[in-house]
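Some notes on the structure that comes next.
The values are calculated or read from the model by the stated rules, or taken from the named source; none is laboratory data. Just so it is clear, the structure is predicted and the values come from calculations on it, not from any experiment. Note that each Cβ is placed from the backbone with ideal geometry, even for glycine, and that neighbours are counted across all protein chains shown. When the accessible area is computed, the model is the full protein with side chains, heavy atoms only, and any ligands, DNA or RNA have been set aside. Shrake-Rupley method; radii C 1.70, N 1.55, O 1.52, S 1.80 Å.
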Amino acid sequence: MARKTVLVAGATGLVGYAALKHFAAEPDTDVIALSRRAAPAVPPARHLPLDLTDAAACEAAAAGLRDVTHLVYAALFELPGLVDGWRNEQQIATNDRMLRNLLGPLMRAAPELRHVTLLQGTKAYGVHVRPLAVPAREGRSELRQQANFYWQQEDYLRAARRGQDWRFTILRPVLIIGEAIGGAMNLIPALGVYAAVMRERGPILPYPGGAERVSQAVDADLLARAIAWAGEAEAARDEVFNVTNGDVFTWPNVWPAIAEAAGMRPGPDEPFLLQSLNRADWDRARERYGLVSPGLADFIGLSLEYADYQMRYGHSEPGPPAIVSTVKIMQAGFHEVMDTEAMFRKWFKAFQRQRLLPPP
């Protein structure tokens, strides 16, 4: 395989960091981590600090991106009030502009560009505003009439590719579980903080959410391997694919595995708004267990709100299932699967090893 240079935009985020680690371990691959914040050190990748909302800065930075062959676009702008922000005009316009600011100059600067991967999600099917068709399928279940930055980005990407030698793949992962700090939608820090605070009361970890809903998730490392596959597979050229672990779950059913990973026992349901967790309680837990994790806001970002949303806090009736089809990506040649309970255990252990969460 020819040597390649992968540019990962949004390298400090949940998807970007997983992709950064994956490509940094690949042979014959150079990796550039692009982000505003300092990216975690993943040798031999180099970091390019860049604000994608700054068009002039993106134009200037493109001169140093001549060798890029693959772009993984995992950058994301979210507003405070996460869920409400998904339909906000400012949020939509900013995400649209960020992709244009990077890809336009990159196309002019990188003559060997071969592939662009763009990340979407189940909001393409309107999961945040309506019950999904079961299962939601690429091209058949989309909610194009709902305001969503996905459509602006996708339309721009398709238009930009015309007449070019490079190709693209759009991936639509479901709930992503992995390793990132300060992100908008990472549940391991959110659940870990909740568990650490509850351990001050005793060994029981109540389930804090509402009525169950059949859902899906995807392991961040599995998603990174799907990104790598999409960048090379002929069957992935100019296509859109859902990506999941390959199984389904409900939060009450996986809660015992989460409690065990946190070193606790599952208890009876006890609805609790995770957004109400406070800085002082987390600071006491950090001190008690000698953690190196940062304060609550820097550790969690907007993820407490996302956890309340995912676990349906305040809902007393079962929710409609949120299931997507993965037949298309399997038929195209990507067949990886993972047990969802094992995924939660894996990422709790990863945070515990780094002393970001209390040991079990």
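Kindly list, by first and then second residue, each pair from a residue in segment 39-67 that is open to solvent by less than 50 Å² (accessible area, probe 1.4 Å) to a residue that is of a type in the set (Lys, Arg) and outside any loop (DSSP other than H, G, I, E, B), limited to pairs with Cβ atoms under 6 Å and residues at least 6 apart or on different chains. Pairs that qualify, where the first residue is open to solvent by less than 50 Å² (accessible area, probe 1.4 Å) and the partner is of a type in the set (Lys, Arg) and outside any loop (DSSP other than H, G, I, E, B), are Val42/Lys21. Scanning segment 292-325 for residues that are open to solvent by 30 Å² or more (accessible area, probe 1.4 Å), among the hydroxyl-bearing types (Ser, Thr, Tyr) and in a loop (DSSP other than H, G, I, E, B) gives Tyr313, Ser316. I'd like to check something: does segment 66-80 contain any residue that is at pLDDT below 95, in a helix (DSSP H, G or I) and either more than 23 Å from Gly231 (Cβ to Cβ) or of a type in the set (Gly, Ala, Ser) (or both)? Scanning segment 66-80 turns up no residue that is at pLDDT below 95, in a helix (DSSP H, G or I) and either more than 23 Å from Gly231 (Cβ to Cβ) or of a type in the set (Gly, Ala, Ser) (or both).
Here is a check on your reading of the model: is Val197 closer than 30 Å to Ala280 by Cβ, open to solvent by 10 Å² or more (accessible area, probe 1.4 Å) and of a type in the set (Val, Ile, Thr)? Taking the combined requirement at face value, the residue satisfies it. I'm checking my understanding of the structure. Among residues of segment 129-148 that are touching a helix residue (DSSP H, G or I) at 6+ places or on another chain (Cβ under 8 Å) and closer than 19 Å to Val248 by Cβ, which one is least open to solvent (accessible area, probe 1.4 Å)? Checking each candidate, the answer is Ala136. Output the residue which, of all residues in segment 83-114 that are over 24 Å from Thr169 (Cβ atoms) and among the charged types (D, E, K, R), is surrounded by the most Cβ atoms within 10 Å (Cβ to Cβ). That would be Arg87.
With respect to the conditions (1) at pLDDT below 95; (2) touching a Pro at 6+ places or on another chain (Cβ under 8 Å); (3) surrounded by 18 or more Cβ atoms within 10 Å (Cβ to Cβ), Asn186 falls short on a single one, namely (2). Condition check for Trp151 on (1) buried (at least 20 other Cβ atoms within 10 Å of the Cβ); (2) among the aromatic types (Phe, Trp, Tyr); (3) under 20 Å from the mean Cα position of the chain (by Cα); (4) part of a helix (DSSP H, G or I): one failure, at (1).
For segment 24-35, the count of residues that are in a helix (DSSP H, G or I) and open to solvent by less than 20 Å² (accessible area, probe 1.4 Å) is nonzero. Considering (1) aliphatic (A, V, I, L, M); (2) in a helix (DSSP H, G or I); (3) open to solvent by 40 Å² or more (accessible area, probe 1.4 Å); (4) under 30 Å from Gly231 (Cβ atoms), the lone condition that Met343 does not fulfil carries the number (3). Across segment 41-61, the number of residues qualifying as outside any helix (DSSP H, G or I) and of a type in the set (Gly, Ala, Ser) comes to 2.
Pro203 meets all of the listed conditions (1) open to solvent by 10 Å² or more (accessible area, probe 1.4 Å); (2) out of contact with any strand residue (DSSP E or B) (no Cβ under 6 Å at 6 or more places or on another chain) but one, namely (2).
Within segment 127-155, no residue that is over 21 Å from Thr244 (Cα atoms) and acidic (Asp, Glu) sits with its Cβ atom under 6 Å from a residue that is open to solvent by 30 Å² or more (accessible area, probe 1.4 Å) and in a loop (DSSP other than H, G, I, E, B) at 6+ positions apart or across chains.
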